[in-house]
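A.B. asks: Mind having a look at this structure? Questions to follow.
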Amino acid sequence: MNASVDDLLNLLRHSQSRQRRKAAKILRLQPRAECCTALLDAIELEIQNRRTWETQYQLIMALGALPLSKGARCTLERIVSLELEPMVVLAANDALVRHSTDVDGEIRRALLSESLFRVEGATRALAM
């Protein structure tokens, strides 16, 4: 699907989680930097509901496909410190490692956290 930026922005702001997840899946395949702010807003909304962890995962992985801004990095760092579904933490750490200028430091932080999901996220990022 070749969606316009306006279509993606509308989907990211949609009231239904599955529509936001659809936008995230498209953005993973077709990263659009213009959607970064709306993506961050969608993540903030989504992490308030533990039942939508699949959408959270997709939104975070979509963010990882974009060049990270300082605000995005701060959001991801906060997410890895929250008690969220393990796959959400994995996705946030994956995105952090992918965009880190200090990959060794990110890996070390993941290992020191003693969170298997942070470690797995870091490992997946390295593998990609």
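The values are calculated or read from the model by the stated rules, or taken from the named source; none is laboratory data. Source: prediction; values computed, not measured. With ideal geometry, Cβ positions are generated from the backbone for all residues, glycine too; neighbour counts draw on all protein chains shown. Remember, those area values only see protein heavy atoms, side chains included, never the ligands or the DNA or RNA. Shrake-Rupley method; radii C 1.70, N 1.55, O 1.52, S 1.80 Å.
A.B. asks: PRE reach from Ser69 (point 7 Å along Cα→Cβ): which of the stretch 3-31 fall under 15 Å by backbone N?
C.D. replies: Within reach of a label on Ser69, which here means backbone N under 15 Å from a point 7 Å along Cα→Cβ, the stretch 3-31 contributes 9.
A.B. asks: Can you show me the helix-derived [θ] at 222 nm for the chain, built from DSSP H runs with n ≥ 4 at -39,500 (n - 2.57) apiece and divided by the number of residues, rounded to the nearest 500.
C.D. replies: On the way: 8 runs with 92 residues, N = 128.
When only DSSP H runs of four or more count, the value is -22000 deg cm²/dmol.
A.B. asks: Normalised radius of gyration for the stretch 71-128, please: alpha carbon Rg relative to 2.2 N^0.38 Å, two decimal places.
C.D. replies: 0.95
A.B. asks: Using +1 at the Cβ of each Lys and Arg and -1 at the Cβ of each Asp and Glu in the chain, identify which of Leu68, Val103, Trp53 lies farthest towards the dipole's positive end.
C.D. replies: After comparing all options, I get Trp53.
A.B. asks: Separate question: Accessible area per residue, 1.4 Å probe, Å², for the chain: what's the number?
C.D. replies: Result: 55 Å² of accessible area for each residue.
A.B. asks: Alpha carbon centre of the stretch 87-122 versus the stretch 1-40: separation in Å?
C.D. replies: Centre-to-centre distance over Cα atoms comes out at 25 Å.
A.B. asks: Follow-up question, since we're still on this one. Please compute the alpha carbon radius of gyration of the stretch 1-56, then divide it by the globular-protein estimate 2.2 N^0.38 Å. Two decimals is fine.
C.D. replies: That works out to 1.01 for the stretch 1-56.
A.B. asks: Any chance you could run the full-extension gain for Asp41 through Leu116? It's 0.36 nm times the residue separation minus the Cα-Cα distance, nm to one decimal.
C.D. replies: Numbers: separation 75, 0.36 × 75 = 27.00 nm, distance 2.74 nm.
That works out to 24.3 nm of additional length.
A.B. asks: Magnitude of the Cβ-charge dipole of the stretch 1-82, K/R +1 and D/E -1, about the Cα centre, nearest 20 debye?
C.D. replies: 240
A.B. asks: Round to a whole number: what % of the accessible area of the chain belongs to carbon and sulfur, probe 1.4 Å?
C.D. replies: For the chain, the apolar C and S fraction of the accessible surface comes to 51 percent.
A.B. asks: How big is D, in µm² s⁻¹, for the stretch 13-128 by Stokes-Einstein at 20 °C and 1.002 mPa s if Rh is the Kirkwood radius over C-alpha pairs?
C.D. replies: It diffuses with D of about 155 µm²/s by this estimate.
A.B. asks: Here's another thing I want to ask about it. What does the extension gain come out to for Ser15 and Ala33, with contour length at 0.36 nm per residue minus their alpha carbon separation?
C.D. replies: Values: separation 18, 0.36 × 18 = 6.48 nm, distance 2.21 nm.
So the chain would gain 4.3 nm between Ser15 and Ala33.
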